1. Roll a 1.4 Å probe over the protein heavy atoms and report the accessible area of Asp350 in Å², nearest 10.
2. Between Lys235 and Ser457, what is the label-to-label distance in nm when each label sits 7 Å out along the Cα-to-Cβ direction?
3. Using a 1.4 angstrom probe on heavy atoms only, work out the carbon and sulfur share of the accessible area of the stretch 216-267 in %.
4. Suppose the chain between Ile261 and Glu37 were pulled fully straight at 0.36 nm per residue; how much longer would it get relative to their current alpha carbon spacing?
5. Given an 8 Å cut-off on Cα distances and at least 6 residues of separation, report the relative contact order of the stretch 74-224 as a percent.
6. Take every Cα-Cα pair in the stretch 139-272 and report what % of them are more than 18 Å apart.
7. Assuming R0 = 56 Å, what is the FRET efficiency of Ser373 and Glu205, from their Cβ-Cβ distance, to the nearest 0.05?
8. Read phi for every residue in the stretch 349-354 and hand back ³J(HN,Hα) as whole Hz from Karplus 6.51 cos²θ - 1.76 cosθ + 1.60, θ = phi - 60°, with x for Gly and Pro.
Amino acid sequence: MYLNKRPRLQSEKELYYDRIPMNGSKKLIIYRKVKSEFEYYSPEEVYQKFDNGEYEKNFHNAFSRELKQYDSILYRVYDLKTPLSEQWPKIMEANEMMKQMTYKKSTHPKFPDYCVDITTTGLLKPTVLKHLMVNSSWFKELPNCNTVYLSWEYDMLENASHGPITWCEPFEGFVHMVDIDSMYPSIYGASEDFYFPKRFTGKLESFEIVPEKFQFGIYNNIKLLFPEGCHKIAKMALTHHNGYYAHYELKKKKKLGAKVIKKVADKPIHAVLYQDNELLSHRFFANYLTPLKAIKTLPRCKIARFIAKEMMNSLWGIMCEKAKDKCLYNGLTEKTYGRKTLDFNYKDWDVEDATELDINWKLDKETGEFVVSSIWKRSKEYVGPFPRIKPFILSFARCKMIKLALGFDEDDIIRIHTDSFWLKKQYGIHIPKNDGNDIGKLQYEGYHHVNLKSLNSFVINRNEQQPCQ
């Protein structure tokens, strides 16, 4: 079934571009958050001041209006021990290296020559956007690419966006730690078989029986039945109780010998399918990543490598950034709703059901009852330029981790978190971490004694003497 498309939006090339400073460097102010306090430093202003984050908040909000009006640029650092006065010159040194390695002569008469310069963009998001616009076919793809078709396509995208694989079992002893260096950038920058849709193509299919072949898209009402003896990590990672799957995961099931059935037998399988001519590949980001990879794999400047890594890793998140939720009630408005849960009427807020609202509660000290403190209407819109990358990059990454897990004995895997493994054996993995190799490779982080209680509750004793090998 084909649905009518929304009309394409007319968009000027400089829709986002003009919001980013193009008139040379500004004063750089570095800052960090220590507990609940924000600390700022700038040698040009010869000051070091503190606040509760208001200055940072105002600067973040300025990007959606006009960042050019600011005479200074904010840049956040995460080193909480080294004084800011010592970090500032090292950041400037790293910035000069970034400028040299990303220089690109402009081919557009309106814009000057380009290079990554944090003194002109500062915040990571504007830096990423500017670098992407210069080094990709951004302007040609921009119109209407982030507009979802009503709410059902949004629901399909979000429900099929299963997070990274996280799993562990309690353990105390020595483990080998390995991880994939810059896994997500390696997928959307180099994986030949990775694609994602740039816009809605208007095709919605319904299947009364399970299709023999799964086309590129998202499917719901799906359940996988795994054969006896299937690797426990693969089974865990491919079991989605809500029944939503991207086709990458459904292709992986074939190699595992899993069977696809309906989750609810008397309901059809719905799928939103994307056409081949509307798919973008890793080549879309190739020029964006090339200079950043060169910096990331250069061992001589730690700060420059960190900036390049952050720019590479954050790209896909910025692509699918969601619009902010709308505040309907903040406790100060005339509508004093929800003294008790049963008194709450969702229809008063012009929504179909409770799933469209995010309701926060607080304890009333006088009555001892929980009352509504704020109500937010969940936005079903995106502000990122290519939100449809989200379920596909996540499912592709999960499949990549499953493929690696299948190479390890399931009893040797102690912990998995996103792109890393803790293993009882080394399995011949010997590439040292941060040795200048290309991204996307499985690297060795060391052999350490751990006391693992839960996924994020553990102690690593790096001084524990290793047993004889």
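The values are calculated or read from the model by the stated rules, or taken from the named source; none is laboratory data. Quantities reported herein were computed from a predicted structural model and do not represent experimental measurements. All Cβ positions, even for glycine, are placed from backbone atoms using ideal geometry, and neighbour counts span all protein chains on display. Ligands, DNA and RNA are excluded from the accessible area calculation, which covers all protein heavy atoms including side chains. Shrake-Rupley method; radii C 1.70, N 1.55, O 1.52, S 1.80 Å.
1. 130 Å²
2. 2.6 nm
3. On the way: 1340 of 2610 Å².
Ligands and nucleic acids excluded, carbon and sulfur give 51 percent.
4. Details: separation 224, 0.36 × 224 = 80.64 nm, distance 5.33 nm.
Length difference between fully extended and current span is 75.3 nm.
5. On the way: 59 pairs, mean separation 26.8, N = 151.
Here the relative contact order equals 18 percent.
6. The answer is 65 percent, as a whole percent.
7. Details: r = 43 Å, r/R0 = 0.77.
Computed FRET efficiency for Ser373 and Glu205 comes out at 0.85.
8. 9, 6, 10, 6, 7, 5
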